[in-house]
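> I'd like to ask you about the structure that follows.
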Amino acid sequence: MAESSTSSQSYPKSLIKDYGFSDDMNPRFRKTMEDAHIFVNNVGPDGRGVFFAVYDGHGGTEAVTVVKDALYQIFSDLLRKKPHESIHHLLAEAFALTDKKLEDDHVDNDGTTAAVIYMQPEIRDGKEVVMIYSANCGDARSVLISGGQSHRLSLDHKPTLPTEIERIEEAGGLVVLGRVSGVLAVSRALGDHVMKQFVISDPFVSEAEVKEGDAHIVVACDGLWDVVSDETAAGFISSAKGNCQSIAENLVKYALDLGSTDNISVMVVAI
């Protein structure tokens, strides 16, 4: 497995041009760092896939520490064991099995959001294309930047979403002051098993074919998105002169300057 926070890697041809990651505990407001990330190349049956993700823990670091490696390992095993299964189903199954691992490991009182991207080449309509699969639970977010415009790949699972309020109330729960049971500010997460009846781990999964003009994917926790809109991030990245590492570092600094009060993790991938 290859993981790094620098841009000095080799990437599968035609998928990844550059990669950068930066984070900050934000000690002015936070006493611990509960974010994590992973970047793995040479994934999948032919070794041409790429898997990367940002995780945003809450309530402690136990869940995010487990999920950082477990979700990738479980997904990778599923790719090998079920080569003909759709990537949508494999990602959803990987989330479910990872959540079950947390339950079996008695990680009950803390959890983590997850924003995962898996890319691989595929043959569609007789030609090779590159597909982007996004899976997330919680409010860590993935955004595709194309032609200077933002295209969100993920869905923020907030307790204020009407569909999430309905689901939680049907399960016997309540949303109080925008939080599940007045406590948790996300409505889906891995872990949080004391609230699992309401805080489910089912991910939102989407796919997109890489098109001409698609330039970057940015994956970040809400420490960025609380203060930077998708459109602002798109403009920031599209006008940047440096490599992905410097862009990620500058986005973190930008979020700090704007007053973010959370841990901040930002991954920028050139495609």
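> Determine the pairs where a residue that is at positive phi, located within the range 42-71, has a partner that is in a loop (DSSP other than H, G, I, E, B) and crowded, with 20+ Cβ neighbours inside 10 Å with Cβ atoms under 9 Å apart, the partner being 6 or more residues away or on another chain.
Partner pairs satisfying both residue conditions: Gly59/Glu34; Gly59/Asp110; Gly59/Asp192; Gly60/Glu34; Gly60/Val107; Gly60/Asp110.
> Scan the range 38-47 and tell me whether some residue there is buried (at least 23 other Cβ atoms within 10 Å of the Cβ), under 20 Å from Leu144 (Cβ atoms) and of a type in the set (Phe, Trp, Tyr).
Yes, because at least one residue in the range 38-47 is buried (at least 23 other Cβ atoms within 10 Å of the Cβ), under 20 Å from Leu144 (Cβ atoms) and of a type in the set (Phe, Trp, Tyr).
> Got a number for residues in the range 122-141 being surrounded by 20 or more Cβ atoms within 10 Å (Cβ to Cβ) and under 19 Å from Pro12 (Cβ atoms)?
Selection size over the range 122-141: 4.
> Name the one entry in Gly173, Gly235, Gly191 that is under 29 Å from Asp104 (Cα atoms), more than 18 Å from the chain's Cα centre (by Cα), among the small types (Gly, Ala, Ser) and modelled with pLDDT of 95 or more.
Criteria check complete, one pass: Gly173.
> Just a yes or no: is a residue in the range 248-260 surrounded by 22 or more Cβ atoms within 10 Å (Cβ to Cβ), hydrophobic (A, V, I, L, M, F, W, C) and part of a loop (DSSP other than H, G, I, E, B)?
No - not one qualifying residue is present in the range 248-260.
> Another question, if that's okay. When you scan the range 72-95, do you find a residue that is of a type in the set (A, V, I, L, M), modelled with pLDDT of 95 or more and under 22 Å from Leu184 (Cα atoms), even just one?
no
> Residue by residue through the range 162-209, note down the ones that are β-branched (Val, Ile, Thr) and either crowded, with 17+ Cβ neighbours inside 10 Å or not in a loop (DSSP other than H, G, I, E, B) (or both).
Those that are β-branched (Val, Ile, Thr) and either crowded, with 17+ Cβ neighbours inside 10 Å or not in a loop (DSSP other than H, G, I, E, B) (or both): Thr163, Ile165, Ile168, Val175, Val176, Val180, Val186, Val194, Val199, Ile200, Val205.
> Just one of the numbered conditions (1) in a loop (DSSP other than H, G, I, E, B); (2) modelled with pLDDT of 95 or more; (3) under 29 Å from Ala92 (Cα atoms); (4) not aromatic (Phe, Trp, Tyr) is not true of Glu212; which one?
For Glu212, the failing item is (2).
> Here's something else I'd like to know. Determine which member of the set Asp125, Asp99 is modelled with pLDDT under 95 and not basic (Lys, Arg).
So the residue among Asp125, Asp99 that is modelled with pLDDT under 95 and not basic (Lys, Arg) is Asp125.
The values are calculated or read from the model by the stated rules, or taken from the named source; none is laboratory data. A quick note: this is a predicted structure, and the numbers were derived from the prediction, not measured. Please note: Cβ atoms are built from the backbone with ideal geometry, for glycine as well, and neighbour counts cover all protein chains shown.
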